[in-house]
Amino acid sequence: MPGLFDPVALGDVLVPNRIVKSAMAEGRSDERGLPTPALARLYERWARGGVGLCITGMAHVQRGYAFTDHEIGLFDDGAVEPLVEVTRAVHRHGGRIFAQLCHAPPQLPRAKARRLGAVAVSPGLSRTNMLRHRAIRDDELCALARDFGSASRRAREAGFDGVQLHAAHGYLLSRLVSPLHNRRTDRWGGSFYRRVAFLEEVCEEIHRAAGRDFPVAVKLNAHDGVPEGLTVGEAVHVARRLEAVGVVAVEVSAGTADVGLGCYPNRGEIPVDLGKEFLAQELPFLRPALPFVGPYLRAVGRSVALREEAYFLPLARRFAESLSIPVICVGGIRSLETARRIVEETPVAMVSLARPLVRQPHLPRLWREGRSPEATCCSCNRCFVQLGLGRPLRCWQQGE
């Protein structure tokens, strides 16, 4: 079996080790979606710290359709040159970097959804912003698929080694494959094959625009975490279909933001003080009730909190046993022992971390040197919720 620090091929790209910096919003781009110098410095810290593959936070493929106003935009050719500094920063230290591509609806802040137009896969009320959404039209979906292709072409021109499609956590691509959220009766809904068809079309548009040798990975929900949603069996079948159209790796996650007031299942709970601040910002009509919502927020936090380490490993293992492409395990990994065990004793090819690398960007190097076998991240989730309040990514326990 390979070791944690052995290389692995994702398509034609050789990644120097099996440690992935999973996607997490950075909050370090300007309102036009152009990266600030701070973004390149952040990725250089991760690459210098020994991460084999960095995956960016969600880069939006249509103007404005990002959860925060400070994320990477790949909807315009003007983004290419500024992003070259980000990819060079990673490559200087031998790392690889993929751009995560995402279309956020219906999970947009309430004011932004109103301004842009509240759309979803199927009509109905969104629990994340409490707005009624119309169904996205066929012509809009066709244009969106082309925009994913154009964004991938720009990513390649900027020096990215590949892209990852965000088809998890309740964003549009995730909901299209879900039987609960996709109730369409056109060519993009109904049967299982029609629900997967749009993801397949996006992959084909990327191949056309960026070349078939440009790697495409997918972050995929193993399940939605709610009754009548996507099941593990169906999700594995989705992954098989994507492998057949050339996807080079699958990162396995689960849950949507519907499950816990914007938080999907993860290690740790919701910080109550920040949860109240977020509700006051997003739903001003709730402000008179905020002094009384603490117990409710704590209950929601407990409902989404997962205590064990590597909590998605059983799911990732099931995918790895069914696919021939590398599978990436994300979810609560905090120790060198666990990371090694996953790679060396299971068919899962790579491990993916986010919050521990926010606190310790150099953690992979420490692991390689046999130091700090346990990550010091306490899973307080303050970094996660602060992003929703428009603040940049950092560890709020000890600074950057």
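The values are calculated or read from the model by the stated rules, or taken from the named source; none is laboratory data. What you see is a predicted model; the values in this text were computed from it and never measured. Counting neighbours? That spans all protein chains shown, and the Cβs are built from the backbone with ideal geometry, glycine included. These accessible areas exclude ligands, DNA and RNA; they are computed on the full protein's heavy atoms, side chains included. Shrake-Rupley method; radii C 1.70, N 1.55, O 1.52, S 1.80 Å.
The table below gives the values:
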| item | result |
| --- | --- |
| Subset of segment 123-140 (residues that are buried (at least 21 other Cβ atoms within 10 Å of the Cβ) and more than 20 Å from the chain's Cα centre (by Cα)) | Ile136 |
| Some residue of segment 262-271 being aromatic (Phe, Trp, Tyr) and in contact with a Gly (Cβ under 7 Å, 6 or more places away or on another chain) | yes |
| Enumeration of residues in segment 1-20 that are modelled with pLDDT under 95 and among the hydrophobic types (A, V, I, L, M, F, W, C) | Met1 |
| Test: residue in segment 61-75 that is farther than 19 Å from Pro215 by Cβ, open to solvent by 20 Å² or more (accessible area, probe 1.4 Å), touching a residue at least 24 places away in the same chain (Cβ under 8 Å) and charged (D, E, K, R) | yes |
| Tally of residues being in contact with a helix residue (DSSP H, G or I) (Cβ under 9 Å, 6 or more places away or on another chain), small (Gly, Ala, Ser) and open to solvent by 10 Å² or more (accessible area, probe 1.4 Å) across segment 171-190 | 0 |
| Test result for Leu297, modelled with pLDDT under 85, within 20 Å of Ser174 (Cβ to Cβ) and of a type in the set (A, V, I, L, M) | no |
| Residue list for segment 264-323, restricted to those being buried (at least 16 other Cβ atoms within 10 Å of the Cβ), small (Gly, Ala, Ser) and free of Cβ contacts under 8 Å to residues at least 60 places away in the same chain | Gly301, Ala305, Ala310, Ala320 |
| Conditions (1) more than 23 Å from Ala155 (Cβ to Cβ); (2) modelled with pLDDT under 95; (3) in a loop (DSSP other than H, G, I, E, B); (4) touching a strand residue (DSSP E or B) at 6+ places or on another chain (Cβ under 9 Å): number failed by Arg114 | (3) |
| Residue match in segment 47-60 (condition: open to solvent by less than 10 Å² (accessible area, probe 1.4 Å), hydrophobic (A, V, I, L, M, F, W, C) and farther than 28 Å from Ala257 by Cα) | yes |
| Matching entry among Leu83, Leu116 (being touching a residue at least 12 places away in the same chain (Cβ under 8 Å), over 17 Å from the mean Cα position of the chain (by Cα) and buried (at least 24 other Cβ atoms within 10 Å of the Cβ)) | Leu83 |
| Matching entry among Arg318, Arg267 (being closer than 27 Å to Gln100 by Cα and touching a Leu at 6+ places or on another chain (Cβ under 6 Å)) | Arg267 |
| Test: Gly370 is farther than 14 Å from Glu26 by Cα and either touching an Asp or Glu at 6+ places or on another chain (Cβ under 8 Å) or surrounded by fewer than 16 Cβ atoms within 10 Å (Cβ to Cβ) (or both) | yes |
| Unique match (being at positive phi and in a loop (DSSP other than H, G, I, E, B)) among Gly225, Gly229 | Gly225 |
| Test result for Ser253, among the polar types (S, T, N, Q), over 30 Å from His237 (Cα atoms), surrounded by 15 or more Cβ atoms within 10 Å (Cβ to Cβ) and at pLDDT 80 or above | no |
| Subset of segment 21-70 (residues that are hydroxyl-bearing (Ser, Thr, Tyr), at pLDDT 95 or above, under 25 Å from Gly332 (Cβ atoms) and in contact with a Leu (Cβ under 7 Å, 6 or more places away or on another chain)) | Ser22 |
| Of residues in segment 96-113 being more than 22 Å from Ser150 (Cβ to Cβ) and small (Gly, Ala, Ser), the one surrounded by the fewest Cβ atoms within 10 Å (Cβ to Cβ) | Ala111 |
| Candidates Ser29, Ser22 - the one that is more than 24 Å from Val202 (Cα to Cα) and under 20 Å from the mean Cα position of the chain (by Cα) | Ser29 |
| Condition broken by Glu234, with the remaining ones in (1) touching a residue at least 12 places away in the same chain (Cβ under 8 Å); (2) outside any loop (DSSP other than H, G, I, E, B); (3) farther than 25 Å from Cys54 by Cα; (4) open to solvent by less than 30 Å² (accessible area, probe 1.4 Å) satisfied | (4) |
| Strands (runs of 3 or more DSSP E) wholly inside segment 1-90 containing at least 1 residues that are of a type outside the set (A, V, I, L, M) | 19-21, 53-55 |
| Any chance Glu228 is modelled with pLDDT of 85 or more and open to solvent by 10 Å² or more (accessible area, probe 1.4 Å) | yes |
| Search result, residues across segment 264-290 that are of a type in the set (Gly, Ala, Ser), assigned to a helix (DSSP H, G or I) and either modelled with pLDDT under 85 or touching a Phe, Trp or Tyr at 6+ places or on another chain (Cβ under 9 Å) (or both) | Gly275 |
